[in-house]
1. Return the residues of the range 133-176 that are under 23 Å from the mean Cα position of the chain (by Cα), in contact (Cβ under 8 Å) with a residue 24 or more places away in the chain and not in a strand (DSSP E or B); say none if nothing qualifies.
2. Filtering the range 181-205 down to residues that are among the charged types (D, E, K, R) and assigned to a loop (DSSP other than H, G, I, E, B), which residue is modelled with the highest pLDDT?
3. What is the one condition in (1) closer than 20 Å to residue 61 by Cα; (2) of a type outside the set (Asp, Glu); (3) modelled with pLDDT of 95 or more that residue 154 does not satisfy?
4. What about residue 198, is it surrounded by 14 or more Cβ atoms within 10 Å (Cβ to Cβ), under 17 Å from residue 230 (Cβ atoms) and out of contact with any helix residue (DSSP H, G or I) (no Cβ under 9 Å at 6 or more places or on another chain)?
5. Regarding the range 89-98, can at least one residue be identified that is over 25 Å from residue 172 (Cα atoms) and without any contact (Cβ under 8 Å) to a residue 12 or more places away in the chain?
6. Which numbered condition trips up residue 178, out of (1) assigned by TED's automatic domain parsing to the domain that holds residue 231; (2) at pLDDT below 95?
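The values are calculated or read from the model by the stated rules, or taken from the named source; none is laboratory data. A quick note: this is a predicted structure, and the numbers were derived from the prediction, not measured. Neighbour counts are summed over all protein chains in view; Cβ atoms, including those assigned to glycine, are modelled from backbone coordinates with ideal geometry.
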Amino acid sequence: MLRVVAFRALMRGLTYIGLTIVFIFLTIAALQLRKATADEDTRAVLAEEPSLLPGRVVGTVNAQLGAASMVLPDVGVMLKDENGRVSGGIARTNSDGHFEIPSHAPGRYRLCAQAKGFADQCLDEAVVIKADSQYLAYGMTLQPTPGTVHGTITLADGSACFHYSPAFATMTSAQVTVKDDHATLATKGNNQGQFALGTVSKPGNYWITAKCQGASISKTVAITAAHLNGEQAIDIAVPNSRPIIRVLVAQDESGRALRTSRHDPGVSANAPLRSSRPTGAVHG
C-alpha cells in the first residue's frame, strides 16, 4: 500500500515538473516570437525611414582661400576602413557644404574628403561607430592646391546668385567656367554664390563665363599670381534677366477654356497661373 501511495506521489511530481517544463518552453517560445516580430517591425520602420538607421556620419566641409572662408559644394566624402579601403559609397556635399554618409556597421574608420583644386584630406581622429551610435558629426577644412582661384557671383543688385524654394523644389546656383587655349575648367557656387575652381596653370588672360540660371556674362579676365595663390578674388556681377510671366487660361475638367466666371453648379475649374524669374524665385 505504501508503495502505491509513493508511486502515485512520484507520478504527480513528475507530471508537475513536466507541466512546468512545458510552460517554461512555451514562455520562451512566445518571448522569442515577440522579439522576432519587434525586430521585423523595427526593420520595416528603418526601411521606410533610412534617417533612423544607426551609424551615420554627417558634417560640413569648408575651405580657407586667402582671407575668404567658404563652404564647399560637390565634395566627395567617404569612410575608409583600417586597411585604407573605401567603405560603402561616396557622399557628396550640397550647396550648404553639408554631407551625410549612410549607416555603417560598428568599427573604426577614417573620414576622408576629395575635391578638385584641393588636397585630399583624412581626419587624424578615428571615427568610432558603436552599436548604439545614431549619428556622428564632424567638420573638415580643405586646403587649396596652387592655382585654385575663387570668387563670388552676384546679381546686378548685389545679391548672391543662389535661391532655393522648398515649396517648388527649385534651386538656382552659380555656374562658372574658365577657358584658355588648352583647357576648360568648370565648377558651381555654394549657397552664398561663392566658388572655388582649380587648377589654373599660370597667370594670363582667360575667358570666364558666369551663369545664374537664365542670366549669364562672359568676359576676358586677367588672372594674376595673386589670384592663383588665393590673395585676390574674382568677383563677377551677372546682369538680371527679364522675368518671364506665363498665364494659362482656366479650363474645366474636359479641358475646355472658360471664358467667363459663370458656369453650372458642381463644375470643377482649374485656373493655373505661373510666373518665373530666371535669376530668382519661381511663383505659382
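1. 133, 134, 143, 161, 168
2. By that ranking, first place goes to 202.
3. Going through (1) closer than 20 Å to residue 61 by Cα; (2) of a type outside the set (Asp, Glu); (3) modelled with pLDDT of 95 or more one by one, residue 154 breaks only (1).
4. For residue 198, the condition - surrounded by 14 or more Cβ atoms within 10 Å (Cβ to Cβ), under 17 Å from residue 230 (Cβ atoms) and out of contact with any helix residue (DSSP H, G or I) (no Cβ under 9 Å at 6 or more places or on another chain) - is met.
5. No, the range 89-98 contains no residue that is over 25 Å from residue 172 (Cα atoms) and without any contact (Cβ under 8 Å) to a residue 12 or more places away in the chain.
6. (2)
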